[in-house]
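Undergrad: Let me begin by handing over the structure; questions about it come next.
What follows is calculated from the coordinates using simple rules that are stated; it is not laboratory data. From a predicted model like this one, the values you see are computed outputs, not experimental measurements. Methodologically, a virtual Cβ is constructed for each residue, glycine included, from the backbone with ideal geometry; neighbour enumeration extends over all protein chains shown.
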Amino acid sequence: MSKRPTYLAYTVQGRENGQKSFWTRIGAAWPHKKGDGFTIELKAVPIDGRVVLMKPKDADETFEGAA
């Protein structure tokens, strides 16, 4: 796996009254070497079971996890 993840994993907690949601980074995902699927490493598990994967916005953003 590459040291830099392809996606970062977040849990998103909605808020009432039109306020912005809370996004908490909980892990990262790397593509498999053979190209089919991803390895996902989570440092926490969301209460609602929902994980959102997003491409990193900053090229220097890192994740301390499996390499």
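Undergrad: Compute the length gained on full extension between LYS3 and THR39: take 0.36 nm times their separation in residues and subtract their Cα-Cα distance, giving the result in nm to one decimal. Let's see the in-between values first.
TA: Numbers: separation 36, 0.36 × 36 = 12.96 nm, distance 1.24 nm.
Value of the extension gain: 11.7 nm.
Undergrad: In segment 8-38, what trypsin sites (Lys or Arg not before Pro) fall in a loop by DSSP, with at most 14 other Cβ atoms inside 10 Å?
TA: Details: sites: ARG15, LYS20, ARG25, LYS33, LYS34; in loops: ARG15, LYS20, LYS33, LYS34.
Here the trypsin sites (Lys or Arg not before Pro) that fit, given the DSSP loop and packing criteria, are ARG15, LYS20, LYS33, LYS34.
Undergrad: Now for a different question. Could you run the Karplus curve 6.51 cos²θ - 1.76 cosθ + 1.60 with θ = phi - 60° over segment 20-28 and give me ³J(HN,Hα) per residue in whole Hz, x for Gly and Pro?
TA: 4, 6, 8, 10, 10, 6, 10, x, 7
Undergrad: In debye to the nearest 20, how big a dipole does segment 7-54 give about its Cα centre with +1 on each Lys and Arg Cβ and -1 on each Asp and Glu Cβ? The partial results should precede the final answer.
TA: Working: 7 positive and 4 negative charges, 27 e Å.
It comes to approximately 120 debye.
Undergrad: Rg/Rh for segment 7-54: what does it come to with C-alpha atoms and Rh from Kirkwood?
TA: Working: Rg = 12.9 Å, Rh = 11.8 Å.
Reported Rg/Rh, Kirkwood definition of Rh: 1.09.
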